[in-house]
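Worksheet: one structure, shown below.
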Amino acid sequence: MEEIITSLQNWEAVRTNPDILTQLFMNKLGFELDMNLFPQTVPLHAYAGIKNGELGFYVISEANDVNSAPEVLSANCYWCPCVHMLGGGQEIPEEEAETRVNYWKETYQDWIHEVVNTPFGMYKTFHIPTTDLQPQNYAALFALKDDIITPDVKAADLVLTNNVGVFYDTIRRQPPYPPASGNNYYLLNLI
């Protein structure tokens with residue numbers, strides 16, 4: 001559990017530094033998500049972290065992201081390192097998914113400099129509903145989309161794909177946290 005907490009603390013320490021963030025995200029497209037590791041239909045929390053100098057996400061089921069013994073939390077929290085290339089909710093058209101992903105690829109450096117100066121700053125975690133996801137591997141691709149909370153700055157997004165031409169728009173980045181959402185982000189209490 002100590003490794004998880006340290007990785008989350010490492011992210012917290014740099015999430016307001018656009019130069020370090022730009023380096024961490026350079027050439028990163030997203031991460032692989034193996035839904036076989038999690039209970040079906042239970043939302044996931046994907047926490048940004050830095051482990052051994054590399055950007056990645058610790059993913060845990062919302063059902064397990066609660067006050068528990070450290071060994072229980074550790075056993076249910078999976079490290080998903082960010083990768084340069086990836087193979088191959090609500091479905092979205094392929095064109096919309098590609099637009100969001102391409103916007104990320106083309107503007108992430110400028111976006112990072114903008115987002116760290118917003119009231120909520122860089123995200124700490126993503127909330128991933130899993131209702132439409134099957135127990136298989138998905139690519140979670142970094143993307144940007146229009147946002148009603150910060151209309152001048154695009155919102156961080158993940159577009160999930162099963163690598164056979166189906167794309168899912170199921171993600172909410174946190175913060176900002178929805179009011180009275182009932183979603184417990186227990187791991188944030190540990191950093």
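The values are calculated or read from the model by the stated rules, or taken from the named source; none is laboratory data. In this text, all values refer to a predicted model and were calculated from it rather than measured experimentally. When we count neighbours, we look across all protein chains shown, and the Cβ atoms used for this are built from the backbone with ideal geometry, even at glycine. Side chains are part of the model used for accessible areas, which takes the heavy atoms of the whole protein and leaves out ligands, DNA and RNA. Shrake-Rupley method; radii C 1.70, N 1.55, O 1.52, S 1.80 Å.
Things worth noting here:
- Residues that are at pLDDT 65 or above and among the β-branched types (Val, Ile, Thr) within segment 156-182 comprise 159, 161, 164, 166, 171, listed in sequence order.
- Applying a threshold of 7 Å to beta carbon distances and a minimum spacing of six or more residues, or different chains, the list of pairs starting in segment 63-79 at a residue that is more than 21 Å from residue 41 (Cβ to Cβ) and of a type in the set (Ser, Thr, Tyr) and ending at one that is open to solvent by 40 Å² or more (accessible area, probe 1.4 Å) and assigned to a loop (DSSP other than H, G, I, E, B) reads 74/1.
- Qualifying residue in segment 77-85 (condition: part of a helix (DSSP H, G or I) and open to solvent by 20 Å² or more (accessible area, probe 1.4 Å)): no
- Selection within segment 1-40 - part of a helix (DSSP H, G or I) and charged (D, E, K, R): 2, 3, 12, 19
- Tabulated pairs, segment 110-134, first over 28 Å from residue 5 (Cβ atoms), second loosely packed, with under 14 Cβ neighbours inside 10 Å, C-beta under 6 angstrom, 6+ apart or interchain: 131/41
- Set side by side, the residues 119, 129 differ, and just one is over 24 Å from residue 84 (Cα atoms) and under 18 Å from the mean Cα position of the chain (by Cα), which is 129.
- Search result, residues across segment 24-60 that are exposed (fewer than 14 other Cβ atoms within 10 Å of the Cβ) and under 15 Å from residue 142 (Cα atoms): 26, 27
- Output for segment 95-121, where each listed residue is basic (Lys, Arg) and surrounded by fewer than 18 Cβ atoms within 10 Å (Cβ to Cβ): 105
- Identity of the residue in segment 135-155, modelled with pLDDT of 90 or more and over 12 Å from the mean Cα position of the chain (by Cα), that ends up surrounded by the most Cβ atoms within 10 Å (Cβ to Cβ): 138
- Flag if residue 71 is loosely packed, with under 14 Cβ neighbours inside 10 Å and farther than 17 Å from residue 142 by Cα: yes
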